[in-house]
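Have a look at the structure below before the remarks.
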Amino acid sequence: MVLENRLEIRLTQKLILTPQLQQAMKLLQLPQLELLQALSQEMIENPFLEESLEEMNTEELTREEKESFEIEEINEDTEAPLERLMNFIVDDYFEERGSDGRDLGYFNPGTVTPPSFEQFLTKKQDLYDHLLWQLRLSTESEEIRKIGENIIGNLDENGYLLVSIEELAEQMNTDISKVEQALRLVQSFDPSGVCARDLKECLLLQLEPLNLKGTLIEKIIINNIEELEKKKYKKIAHHYKIPLTDVMAAIRIIEGLEPKPGRNFASTKTNYIVPDVFVTKTPDGYQIILNDDGMPKLRISSLYKKLIRQKDAFLKEEKQFMIEKLRSAIALLKSLEQRDRTIYRVTETIVELQMDFFDKGRDYINPLTLKDVASKLNMHESTISRVTSNKYLSCQHGIFSFRYFFSNALDTGTGKISSTSVKNTIKKIIEEEDPKNPLSDQKIVDILKNKGIIVARRTVAKYREELKILPQAQRRKIS
């Protein structure tokens with residue numbers, strides 16, 4: 001075999017994602033809140049973008065820009081008359097924005113009332129601050145308190161210790177006995193049960209303040225925690241040879257203990273779902289409305305359009321920068337319109353293919369895949385995936401994720417049915433069961449069979465786990 005160097009000319013076709021296409025794909029998959037953040041950032045970075053109170057057509061914009069000024073080659077010898085540019089900025093910029101009563105960007109101090117100190121919010125005390133406050137009030141030595149502070153810093157949001165005593169001793173370069181002393185100190189703090197290393201220790205720490213040490217409750221927690229989780233109360237009564245009523249009395253006290261002592265101090269932040277699309281029923285059918293509440297209506301800044309028309313006002317690098325920003329702004333506006341059209345078409349197709357759901361409710365959802373919608377709209381499946389990712393639809397039956405409408409077809413022997421519909425039926429059956437005598441998976445299979453839905457027991461178990469529903473034994477309630 002001879003190795004040699006040679007030149008070849010090959011003609012090949014490649015699919016290259018341009019920056020404009022990449023931006024369009026990114027905007028397509030953004031939900032409402034993230035899109036708002038992205039547009040706000042674009043308005044900060046691109047001086048050609050500004051918010052408008054009126055709608056703007058990007059096709060007309062592109063034609064206007066082409067007719068008003070052509071982006072032409074710039075001579076390297078071009079110089080920017082600085083005096084002319086500064087006069088334009090001072091005279092035109094503030095004259096255009098001076099109608100709101102501002103003077104060079106500042107409001108008159110006499111017209112604005114300063115905010116009250118009562119309007120400022122303070123930081124909510126978390127578990128770390130609460131424990132650290134108690135540690136500083138303790139009378140232990142400085143070394144023990146320093147170790148205790150390190151222990152507090154290694155607690156999770158539920159109040160459990162994440163590291164072992166040996167790791168703390170090695171980290172602090174101290175004896176294990178001193179770490180154990182600091183650990184006992186922190187475990188005596190409020191909330192009761194804090195700084196435990198597992199659930200069993202957490203529950204046991206809460207018994208001492210209640211004077212329940214050495215009772216049946218302590219024995220059950222130490223020796224029968226697995227039977228307790230599986231609600232095998234009769235087995236516990238047989239183990240200690242006591243009546244079931246005594247076991248149930250102890251169980252009720254154990255159920256009143258806190259398995260997560262730190263969650264009362266957790267900073268709970270409520271994340272509200274903002275629907276991207278509203279589907280409302282009208283006498284003529286269903287109306288699809290894209291949610292643009294709070295979204296800025298962008299347009300090309302008239303000020304910068306005037307600036308870029310001045311051929312001799314900038315250096316080559318400056319004008320090239322403005323041309324790139326103008327092109328970027330126009331591409332962004334086109335991408336936003338394309339995004340709205342794509343979301344509308346996909347929603348329209350979902351409504352058409354899931355008409356039974358919108359007319360009758362959740363139990364009538366049909367099998368549907370991304371490929372079905374893609375083939376109907378003559379789009380790629382990945383495009384449909386981006387449109388339906390992290391987006392929500394609001395209709396008369398509630399707010400649903402777009403992915404809720406997509407489910408595989410389950411062959412029940414009598415026909416094909418959506419797996420989502422089967423899950424809803426299983427959930428409804430379990431909600432209506434007797435809490436003292438819950439249904440087994442096999443019993444649920446029999447009930448589904450009577451409804452004309454033939455599925456295997458393992459399928460019911462799989463769907464029950466996906467719905468985060470406990471097994472039969474753990475759902476049983478004994479009064």
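The values are calculated or read from the model by the stated rules, or taken from the named source; none is laboratory data. What you see is a predicted model; the values in this text were computed from it and never measured. Here the Cβ is made from the backbone with ideal geometry for all residues, glycine too, and neighbour counts use every protein chain on show.
Could you check how many residues of the range 226-264 are among the small types (Gly, Ala, Ser), over 26 Å from Asn158 (Cβ atoms) and surrounded by 16 or more Cβ atoms within 10 Å (Cβ to Cβ)?
At the first step, the residues of the range 226-264 found to be among the small types (Gly, Ala, Ser) are 237, 249-250, 256, 262.
Going one step further and asking which of them are over 26 Å from Asn158 (Cβ atoms), we end up with 237, 249.
Narrowing further to those that are surrounded by 16 or more Cβ atoms within 10 Å (Cβ to Cβ): 237.
Residues flagged as among the small types (Gly, Ala, Ser), over 26 Å from Asn158 (Cβ atoms) and surrounded by 16 or more Cβ atoms within 10 Å (Cβ to Cβ) within the range 226-264 amount to 1.
Of the residues Leu315, Leu290, Leu303, the single one that is among the aliphatic types (A, V, I, L, M), modelled with pLDDT of 90 or more and out of contact with any His (no Cβ under 7 Å at 6 or more places or on another chain) is Leu290.
The set of residues from the range 130-145 being within 18 Å of Ser177 (Cα to Cα) and surrounded by 16 or more Cβ atoms within 10 Å (Cβ to Cβ) comprises Ile144, Arg145. Looking only at residues in the range 406-437 that are buried (at least 18 other Cβ atoms within 10 Å of the Cβ) and not in a helix (DSSP H, G or I), which one is modelled with the lowest pLDDT? Looking at the filtered set, the residue picked out is Leu410. Scanning the range 434-455 for residues that are in contact (Cβ under 8 Å) with a residue 40 or more places away in the chain and either closer than 19 Å to Leu410 by Cβ or not assigned by TED's automatic domain parsing to the domain that holds Lys416 (or both) returns Gly452, Ile453, Ile454, Val455. Residue-level check: of (1) more than 14 Å from Val279 (Cβ to Cβ); (2) surrounded by fewer than 18 Cβ atoms within 10 Å (Cβ to Cβ), Arg386 misses just (2).
Take the conditions (1) modelled with pLDDT under 90; (2) surrounded by 14 or more Cβ atoms within 10 Å (Cβ to Cβ); (3) not in a helix (DSSP H, G or I); Leu393 misses just one of them, which is (1). Of all residues in the range 460-479, those satisfying the criterion of being without any contact (Cβ under 8 Å) to a residue 40 or more places away in the chain and out of contact with any helix residue (DSSP H, G or I) (no Cβ under 6 Å at 6 or more places or on another chain) are Lys462, Arg464, Glu465, Lys468, Leu470, Pro471, Gln472. Return yes when Thr282 is modelled with pLDDT of 90 or more and surrounded by fewer than 13 Cβ atoms within 10 Å (Cβ to Cβ) and no when it is not. Considered against the rule, which asks whether it is modelled with pLDDT of 90 or more and surrounded by fewer than 13 Cβ atoms within 10 Å (Cβ to Cβ), Thr282 comes out as yes. For the range 401-416, a residue qualifies if it is closer than 20 Å to Asp340 by Cβ and out of contact with any Ser or Thr (no Cβ under 7 Å at 6 or more places or on another chain), and the qualifying residues are Ser401, Phe405. Of the helices (runs of 4 or more DSSP H) lying entirely inside the range 208-266, those carrying at least 3 residues that are under 36 Å from the mean Cα position of the chain (by Cα) and outside the structural domain of Pro471 (by TED's automatic domain parsing) are 225-229. Considered as a group, the residues in the range 285-294 that are among the hydrophobic types (A, V, I, L, M, F, W, C) and surrounded by 14 or more Cβ atoms within 10 Å (Cβ to Cβ) include one that is nearest to the chain's Cα centre (by Cα), and that residue is Leu290. Checked against the criterion of being within 37 Å of the chain's Cα centre (by Cα), farther than 19 Å from Gln29 by Cα and in a loop (DSSP other than H, G, I, E, B), the range 303-315 contains not a single residue that satisfies it.
Which of the helices (runs of 4 or more DSSP H) contained wholly in the range 128-188 include at least 2 residues that are β-branched (Val, Ile, Thr) and on the phi < 0 side of the Ramachandran plot? Before the answer, list the steps.
Values: elements: 142-153, 165-172, 176-187.
Once the helices (runs of 4 or more DSSP H) in the range 128-188 are filtered for at least 2 residues that are β-branched (Val, Ile, Thr) and on the phi < 0 side of the Ramachandran plot, what remains is 142-153, 176-187.
Looking across the range 401-433, just one residue is on the phi > 0 side of the Ramachandran plot and either among the acidic types (Asp, Glu) or without any contact (Cβ under 8 Å) to a residue 12 or more places away in the chain (or both), and that is Gly415.
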